[in-house]
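The values are calculated or read from the model by the stated rules, or taken from the named source; none is laboratory data. All values reported here derive from a predicted model rather than from experimental measurement. Here the Cβ positions follow ideal geometry from the backbone for every residue, glycine too, while neighbour counts run over all protein chains shown. Just the protein is used for accessible areas: all its heavy atoms, side chains included, with ligands, DNA and RNA removed. Shrake-Rupley method; radii C 1.70, N 1.55, O 1.52, S 1.80 Å.
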Amino acid sequence: QAYPDSSASWCFDDLNNSDLFQIRMTMGPDPDTVILGQTYKRIGVYAIHDWQPPELVQNYYVRSDPSGKGYVMLLDSMQEYLAIDVGANVGDTVQDVLTVSSWESNAFYWIQPVIIDSAITLENNGITVTRKFIHAQSLIPYPQDAFQIFWQEGIGGSYGPLINLISSSGFTMLNCLHIQDTYVFSIQ
C-alpha cells in the first residue's frame with residue numbers, strides 16, 4: 001500500500017542546514033476520518049520556526065488502495081486526487097498526479113504526469129522495500145548524487161502525502177522518517 005496504516009512521522013530541514021526552519025509531518029493514531037463515504041487517515045503538516053512550538057500549517061487526508069495507489073482528499077475542493085503509485089514500473093509515466101509548490105502559507109497544486117526514473121531495493125531491520133525515484137514531467141530529473149524525490153510502499157513518499165516541488169525555504173530535504181518507533185529512512 002502507498003501510505004502507512006499506523007503512526008508515522010516525516011521530518012525535514014532546509015538545504016542550508018538551518019535550525020531556524022523545520023517541517024514535521026505526522027500521521028497519528030487518531031480515528032479514521034470518513035469524507036463523502038470514503039475512509040481516510042490524516043497527516044498533519046507542522047512548521048517550526050526559531051524553536052517555537054510547532055504550528056499546524058495543513059492537514060492532508062490520505063488513503064491507499066490495493067493496487068498501490070495513494071489518494072489525497074483536498075477539503076477546499078472536496079475532490080480526491082492521485083498522489084502516489086508504488087505499483088508503477090521504471091520507465092512508466094503515471095498520468096494525473098497531484099503535485100504541490102508551497103510559498104509561505106500558500107500552496108499551489110498542479111495535476112501533471114510523473115515519470116518513474118529508477119528503483120532500488122533496500123533492507124532495514126530485516127524488512128526489504130523498493131524505493132522508486134520519480135520526477136514530475138515539468139521538471140528535469142535530479143542528478144544521481146542529489147537528493148531525489150521518491151515513492152516507497154508503506155511510507156508514501158519523500159514528501160509525505162504528495163510531491164512537493166518547491167517550498168518557501170528552497171527545496172527541503174527529508175531528514176528522517178519513522179513508522180511507530182522504527183526508522184525507515186535517515187540521513188544520519
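If you check Tyr46 against the conditions, is it at pLDDT 95 or above and open to solvent by 30 Å² or more (accessible area, probe 1.4 Å)? Judged against the criteria, Tyr46 is not a match. Scanning segment 10-24 for residues that are over 19 Å from Leu165 (Cβ atoms) and either open to solvent by 80 Å² or more (accessible area, probe 1.4 Å) or at pLDDT 85 or above (or both) yields Asn17, Asp19, Leu20.
Restricting attention to segment 66-95, the residues being farther than 19 Å from Pro113 by Cα and in contact (Cβ under 8 Å) with a residue 60 or more places away in the chain number 1.
For segment 25-43, which residues satisfy the criterion of being among the β-branched types (Val, Ile, Thr), open to solvent by less than 70 Å² (accessible area, probe 1.4 Å) and out of contact with any Ser or Thr (no Cβ under 8 Å at 6 or more places or on another chain)?
So in segment 25-43, the residues among the β-branched types (Val, Ile, Thr) come out as 26, 33-35, 39, 43.
When the remaining residues are screened for being open to solvent by less than 70 Å² (accessible area, probe 1.4 Å), the result is 26, 33, 35, 39, 43.
Result: Ile35, single match.
Taking segment 129-148 only, how many residues are at pLDDT 85 or above and either open to solvent by 40 Å² or more (accessible area, probe 1.4 Å) or outside any strand (DSSP E or B) (or both)? The qualifying residues number 1. A single member of Asp96, Asp92, Asp85 is at pLDDT 95 or above and more than 19 Å from the chain's Cα centre (by Cα), and it is Asp92.
Evaluated against (1) at pLDDT 95 or above; (2) open to solvent by less than 50 Å² (accessible area, probe 1.4 Å); (3) of a type outside the set (A, V, I, L, M); (4) closer than 24 Å to Asp117 by Cβ, Arg63 falls short on exactly one condition, (4). Of the numbered criteria (1) touching a residue at least 12 places away in the same chain (Cβ under 8 Å); (2) open to solvent by less than 70 Å² (accessible area, probe 1.4 Å); (3) closer than 19 Å to Gly154 by Cα, the one Ile115 fails is (3).
Take segment 49-58 and flag every residue that is within 17 Å of the chain's Cα centre (by Cα) and surrounded by 15 or more Cβ atoms within 10 Å (Cβ to Cβ).
Val57, Gln58
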